[in-house]
Amino acid sequence: MKSLIYENRSFLKSARIESDGENLVFTRRNISGENRVKINIAQIRKISAQKNMLSYSLKIDRENEKSVLFGGLDQTAVEELKKHLGSLVEIKAAIKQQVVTLEQARKEASRVLDSLSKDFDARPVISYLINQGVQLDSSDIHITPRKEYAVIQYRIDGLLREVARMNSDFYARLMTAIKNRAKLPSYKKSTPQDGSFHFDEDNHDMDIRCATIPTLFGEKVVLRILNTDKNPLFLEDLGISENVLKSYRELISEPQGCVILTGPAGSGKTTTIFASLIHIYNNYEGTVNIATIEDPVEYSIEEFQQTQINPIMGLTFAAGLKSLLRLDPDIMMVGEIRDPETAQTAIRTALTGHLIFTTLHARDSLGVFPRIIEMGIKPGMASSSVTAVLYQRLVRKLCPECRVESSPPPELLKSLSQYGKSIDKYYTSLGCPACSGTRYSGRTGVFELLNVDENIRGMIMEGKPYGDLFDYCREKGMNFLWEDALEKVRSGITDFDEIVRVCPQYSY
Ligand SMILES: [Zn+2]
């Protein structure tokens, strides 16, 4: 008799595992149909489950047979399977290693760097620094030469933290090795350079983006860790409040139009776009073509068609988008609108029956329109093509280990009262070893969603001032970024200091 061990119908994770007592049957739905593997249980030596970006994959080792790979499972599937097969299933350490504190990292880094001899091997040092960056959950490693030494800093939850200093001569040797690894000419020191390399060591598998720039005291390098495993890729996990999420889901379900994400660099825009694309892809059960043009490709999703721009070879955002259009895509993502040509192409794409996602630098959600118009787009075109603007920033979450109830700051109460709100319990944090004294741990998004309705379209076409648009949105009940941030404080996720640091609180 066949028994069902596990089933998931969500497309990107669509999988089924069944057993008839003798065999295990793994089924996965693909664009091209079903992919089924039948394996005799007696033959199974070991099943190792390893976590990838979105899901788990299984490697099934068989007696005298080659091993089989089966992907697209969630944690429940792995647990169910373990219940069924017991010790045959081995869960491999998640790619993210044990987290270290900043203090531990500092001690360890000084020990490693101080023990180097003049002719040290630089490759393991690079690996060491990247590994440490991942353990600290950092997004970038900055190595900056100063007059007498180079300083090594990690960007953690958006802020730069110094971890170690390095003798200048040693730094020169390390720099040469980094540039060699990123295939950059190490003898060229007077121009900025941009390269990348793949890092596949110690359970990590990710891309490292390498950018250098000449400074007064030598070349500086920034290594960006594209460790996509740590970010949630589902809309529900980003911190969007329930009613905003509801209207955002509706807006991105329109078959055409331009959805723009705005916010400073490093505010999670790409993560939100990918979560949106995955949501749409799942809604259509994989029957749509999703194509992206990016710089850099941060998340690689097997089911999407992704292209990295390469301006030196003439592959710019605008050129890439034009070529894409000839390939009959349904939904497109263009990394960023930086120039009038990309703006023109993106807007025209949205007006010709496609759904397109992109990002643009602007002061807030309403500020997107003057920026596009500045780039030479007619107000009528801008307003009729853009269907939604999502403005976002990331705030750090209070460390759960040292979070305490406290009396709310008077400024917070004042700000809340302007919106007719109050607060029951106010939380802040004290700093502890778990958060390296930073008081925070991890980040979540704060959002402002502009739903571009007919009235807003009319006002933009008539060239109405920002204040009029702001007032209209306020009357309509739109939640601005600052209000969303206040909500995050009211629910004890973060504190007032943090939202003041991250979110502007102007009202035009
Ligand atoms: Zn703490």
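Going by C-beta contacts inside 10 Å, put Val37, Val404, Val125 in order with the fewest on the left.
Details: Val37 14, Val404 10, Val125 19.
Listed from fewest to most nearby Cβ atoms, that is Val404, Val37, Val125.
Please compare each pair in Lys51/Lys183; Lys92/Lys397; Lys2/Lys83 to a cut-off of 24 Å on the Cα-Cα distance and tell me which ones are over it. Show your work: numbers first, answer last.
Numbers: Lys51/Lys183 30 Å; Lys92/Lys397 29 Å; Lys2/Lys83 17 Å.
Among Lys51/Lys183; Lys92/Lys397; Lys2/Lys83, the Cα-Cα distance tops 24 Å for Lys51/Lys183; Lys92/Lys397.
Whole-Hz ³J(HN,Hα) for each residue in region 374-383, computed from phi via Karplus 6.51 cos²θ - 1.76 cosθ + 1.60 with θ = phi - 60°, x for glycine and proline: what do you get?
The phi angles translate into 4, 7, x, 8, 5, x, x, 5, 4, 6 Hz.
Before rounding to the nearest 500, sum -39500 (n - 2.57) across all DSSP H runs of length at least 4 in the chain and divide by the residue total; then give [θ] at 222 nm in deg cm²/dmol.
Working: 15 runs with 157 residues, N = 508.
The helix contribution divided over the chain gives -9000 deg cm²/dmol.
If you plug each phi of region 191-197 into the Karplus form 6.51 cos²θ - 1.76 cosθ + 1.60 with θ = phi - 60°, what whole-Hz ³J(HN,Hα) values come out, in order, with x for Gly and Pro?
Computed from phi, the couplings for region 191-197 are 10, x, 9, 9, x, 7, 8 Hz.
Among all cysteines in the chain, which have no other cysteine Cβ under 4.7 Å from their own Cβ?
Cys210, Cys258, Cys473, Cys503 - these cysteines have no disulfide-compatible partner (Cβ-Cβ under 4.7 Å) in the chain.
Counting other C-beta atoms within 10 Å, which of Ile493, Ile423, Ile273 has the fewest, and how do the rest follow? Don't jump to the answer; show the numbers that get you there.
Values: Ile493 19, Ile423 16, Ile273 24.
In order of increasing Cβ crowding within 10 Å: Ile423, Ile493, Ile273.
Quick query: amide H of Tyr6 versus all other amide H atoms, modeled in the peptide plane; which residues come in under 5 Å with a sequence gap of 5 or more or a different chain?
Ile17
So, how do all the Cα-to-Cα distances of region 351-488 break down into 10 Å bins, in percent, from 0 on up?
10, 31, 27, 18, 11, 2
Among DSSP bridges having both ends in the chain, what percentage is antiparallel? Round to the nearest 5.
75 percent
Ranked by Cβ crowding within 10 angstrom, fewest neighbours first, how are Met332, Met206, Met175 ordered? Walk me through the numbers on the way to the answer.
Numbers: Met332 26, Met206 16, Met175 21.
The most exposed by this proxy come first: Met206, Met175, Met332.
Among the DSSP beta bridges whose two residues both lie in region 3-91, what percent are antiparallel, rounded to the nearest 5?
Values: 30 of 33 bridges.
For region 3-91, the DSSP antiparallel bridge percentage is about 90.
How long are the semi-axes of the ellipsoid equivalent to region 102-227, from square roots of 5 times the Cα gyration tensor eigenvalues, in whole Å, largest first? Walk me through the numbers before you get to the answer.
Working: eigenvalues 75, 61, 42 Å².
Semi-axes from the Cα gyration tensor: 19, 18, 15 Å.
Between Gln308 and Asn180, take the C-beta separation as r, use R0 = 30 Å, and let me know the FRET efficiency to the nearest 0.05.
On the way: r = 21 Å, r/R0 = 0.71.
E between Gln308 and Asn180, to the nearest 0.05, is 0.90.
Would you mind counting up the charge near Ala291? Only other residues with Cβ under 13 Å from its Cβ, with Lys and Arg at +1 and Asp and Glu at -1. Before the final figure, lay out the partial values.
Values: positive: Lys322, Arg326; negative: Glu294, Glu303, Asp328, Asp330.
Once all neighbours under 13 Å are counted, the net charge is -2.
Compute the orientation-averaged projected area for the chain from the convex hull of its Cα atoms and round it to one decimal in nm². The partial results should precede the final answer.
Working: hull surface 113.7 nm².
One quarter of the hull surface, i.e. the mean projection, equals 28.4 nm².
Count charges around Arg490 for me, please; just the other residues with Cβ under 12 Å from its Cβ, Lys/Arg as +1, Asp/Glu as -1. Let's see the in-between values first.
Values: positive: Lys421, Lys425, Lys488; negative: Asp424, Glu483, Asp484, Glu487, Asp495.
Value of the local net charge: -2.
Could you give the radius of gyration (one decimal) and Dmax (whole number) of the Cα atoms in region 3-91, in Å?
Answer for region 3-91, Rg first and Dmax second: 12.0, 34 Å.
So for the chain, averaging the separation of alpha carbon pairs under 8 Å that are six or more residues apart and normalising by length, what relative contact order in percent results? Don't skip to the answer; put the middle values down first.
Values: 915 pairs, mean separation 48.7, N = 508.
This gives 10 percent for the chain.
Name the residues whose placed amide hydrogens come within less than 5 Å of the amide hydrogen of Val288, ignoring near sequence neighbours (fewer than 5 apart) on the same chain.
none
Which net charge results for the neighbourhood of Ser196, defined as the other residues with beta-carbon distances under 10 angstrom from its beta-carbon, given Lys and Arg at +1 and Asp and Glu at -1? Spell out each step's value before the answer.
Working: positive: Arg181, Lys183, Arg209, Arg224; negative: Asp194, Asp207.
Cβ neighbours under 10 Å give a net charge of +2.
Under 18 Å Cα-Cα from Lys414, which lysines qualify once same-chain neighbours fewer than 8 residues away are excluded?
Qualifying lysines at Cα under 18 Å: Lys425, Lys488.
All of the numbers you see were taken from the coordinates with simple rules; none came from a lab. Remember, predicted model here, so these are calculated numbers, not experimental data. Note: ideal-geometry Cβ built from the backbone for every residue, glycine included; neighbour counts use all protein chains shown.
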